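Here's the structure, in structure tokens; my notes come after.
The values are calculated or read from the model by the stated rules, or taken from the named source; none is laboratory data. These figures come from a predicted structure and were not determined experimentally. Methodologically, a virtual Cβ is constructed for each residue, glycine included, from the backbone with ideal geometry; neighbour enumeration extends over all protein chains shown. Just the protein is used for accessible areas: all its heavy atoms, side chains included, with ligands, DNA and RNA removed. Shrake-Rupley method; radii C 1.70, N 1.55, O 1.52, S 1.80 Å.
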Amino acid sequence: MNELAYNPQSAWKAYASPEERQAMRALAERYVDFLSECKTERETVAWVERRLRGAGFAPGLDERGGFTQLHGKALFAVRRGRRSLSEGFHLISAHTDSPRLDLKQRPLIEQVGVGQAKTHYYGGLRKYQWLARPLALHGVVALQNGDIRSVVIGEKQNDPVFTIEDLLPHLAKKQSEKTVADAFEAEKLNIIIGHEPLEAAPEDKAGNARTGADESREPAKEPVKAHILKLLHERFAIREEDLLSAELQVVPAGPARFVGLDSALVGGYGQDDRICVFTALEAFLSAADPEHSCCLIFWDKEEIGSDGSTGASSRFFEYCVRDMAEAWEPESSFGSLMLASRALSADVHAALDPDWQELHEKQNSALMGYGPSFSKFTGSRGKYGANDAHPEYIAWLRGVLAARAVPWQMAELGKVDLGGGGTVALFLAAYGLDVIDVGPALLGMHSPFELASVADLYASLQVYRAFFEAGR
């Protein structure tokens, strides 16, 4: 009776040939480079746009397809299929943002001879994981005259890095008695950005300080902060006031890396959810002569509820689909087009943690190396805040993947009363699209150094490509 039982298939066994392992390794190496380069929404969207342009896609729409982006943080791309648009499109969505620390709009302070920048954390992170580690600063500063200054500090070999100091154990007795939530205060997540005070103005032979028309003879009240402002002005031609219109993000410094003696894992920041951005784009560009039009939508703000003009709750996706229909088949109604279409919400899942297995319900948990995980529903507790995929759609997907022997698994996030989380699937479901969540399982999700399986990376590409190439 063993043939009647179900067991997930290992992706390592499914892709065991030398040719497949070589392709798996080549994909992983490209992914490591992507992950190292793309640490913010803007950097991710800019990278995707370069790839699309290199593949012959252009802004707007032509007979082949095209793309459009919004505020450098969200992007929609379409590749026209052989079938009529009225028969529906195949859509994969993913999000470009990840948990991080944002600089406050007036961030610079000086305390006891140390220059710091105040932050406001973004998304669901564990504060202690961001202490005592090298950090980099990425983002943009917008000037009143319309100029944009791009900022990346802490990634080059000769760049300085930043950090948030941690309390030494000799003084941490009371802190150690607190809960994790209370022990680490958000207002103390201040990054250290300087220490050297600004030098006094040089004196002339008469002993008078040489000053310019706009300089004071009085020494700076906050000399370390003054030095930081001087360095920022020299490097980026900005003043403190310009930080009011800046978007500066604190992220882990350094490249992504292969992990383990066998290099079978990829470790790095932002794999939730840029691993799905990367694999979905690879599938979009490599799909062979798709029957249905293939669409990508990359949003940000998912980690904080998907609000805002570039989040999934905005009308950006709707505007793009309406423009596509008007350009190619104006006779097709928007409603009938959406109801005829299918979608994958490409988002990562939590892998069964080897050291915290008791928090998972093992039979319904995702295993590293067994292909991407489908989640019939997300939400929390009694499935609140969830899309719940229809069984007919799941059965159709099973047939698509079985025809190609693509490994995948089905899972939910933790035990019923201990886990849960949300994705953008419910925003797509609101239009009537068939949609389900699917993505590789990660260890250390939302940490500054998440882990993904090289085999799952490759299998995710195969799932997304099979979806794009599927007919009725």
Exercise. Ordered by packing density, taken as the mean number of other Cβ atoms within 10 Å over each peptide's residues, highest first, how do 67-73, 422-428 rank?
Worked result: 422-428, 67-73
For this session: Show that you can apply the helix-only estimate: for the chain, add -39,500 (n - 2.57) for every DSSP H stretch of four or more residues, divide by all residues, and state [θ] at 222 nm to the nearest 500.
Result: -8000 deg cm²/dmol
Exercise. Compactness ratio of the stretch 335-472: Cα Rg over 2.2 N^0.38 Å, N = residue count?
Worked result: 1.03
Exercise. For the charge dipole of the chain, defined by +1 on Lys and Arg C-beta atoms and -1 on Asp and Glu C-beta atoms about the Cα centroid, which residue among L451, V259, Q175 has the Cα displaced farthest towards the positive pole?
Worked result: V259
Problem set entry | Descending semi-axes in Å of the chain, equivalent ellipsoid built from Cα gyration tensor | 44, 28, 20
Seminar exercise, completed: Here Rg/Rh (Cα, Kirkwood) for the stretch 78-208 equals 1.18
Seminar exercise, completed: Once both label points are put 7 Å beyond Cα along the C-beta direction, the L231-I192 separation in nm becomes 1.3
Exercise. What percentage of the solvent-accessible surface of the chain, computed with a 1.4 Å probe over protein heavy atoms, is contributed by carbon and sulfur atoms?
Worked result: 52
Exercise. When N counts the residues of the stretch 1-99, how does its alpha-carbon radius of gyration compare numerically with 2.2 N^0.38 Å, as a ratio?
Worked result: 1.47
Exercise. What FRET efficiency do you get for E177 and Q144 if R0 is 51 Å and r is their Cβ-Cβ distance, rounded to the nearest 0.05?
Worked result: 0.55
Exercise. When N is the residue count of the stretch 316-400, what does its C-alpha Rg come to as a fraction of 2.2 N^0.38 Å?
Worked result: 1.50
Seminar exercise, completed: trypsin sites (Lys or Arg not before Pro) in the stretch 318-384 lying in a DSSP loop, each with at most 16 other Cβ atoms within 10 Å of its Cβ, come to R381, K383
For this session: Could you tell me which GluC sites (Glu not before Pro) in the stretch 308-372 are loop residues by DSSP with no more than 10 other beta carbons within 10 angstrom of their beta carbon?
Result: E331
Problem set entry | Most to least packed among 168-181, 3-16, 439-452 [average Cβ atoms within 10 Å] | 439-452, 3-16, 168-181
Exercise. What residues qualify as long-range amide H neighbours of E450, i.e. H under 5 Å apart, gap of 5 or more or another chain, H built at 1.01 Å from N?
Worked result: G268, Y269, G270, Q271
Exercise. When the label point is put 7 Å from the Cα of Q363 along its Cα-to-beta-carbon vector, which residues of the stretch 412-443 have a backbone N closer than 17 Å?
Worked result: 412-417
For this session: Kindly report the accessible area of the chain per residue (heavy atoms of protein chains, probe 1.4 Å, no ligands, DNA or RNA), in Å².
Result: 48
Problem set entry | I164 long-range amide H proximity, modeled H, under 5 Å | A132, R133, I192
Exercise. Length gain on complete extension for the stretch S286 to R257, per 0.36 nm per residue less the alpha carbon to alpha carbon distance?
Worked result: 7.9 nm
Seminar exercise, completed: Distance in nm between E326 and R106 label points, each 7 Å along Cα→Cβ, equals 4.4
Exercise. Each label point is 7 Å from the Cα along the Cα-to-Cβ direction; what then is the distance between the points at H390 and Y319, in nm?
Worked result: 3.0
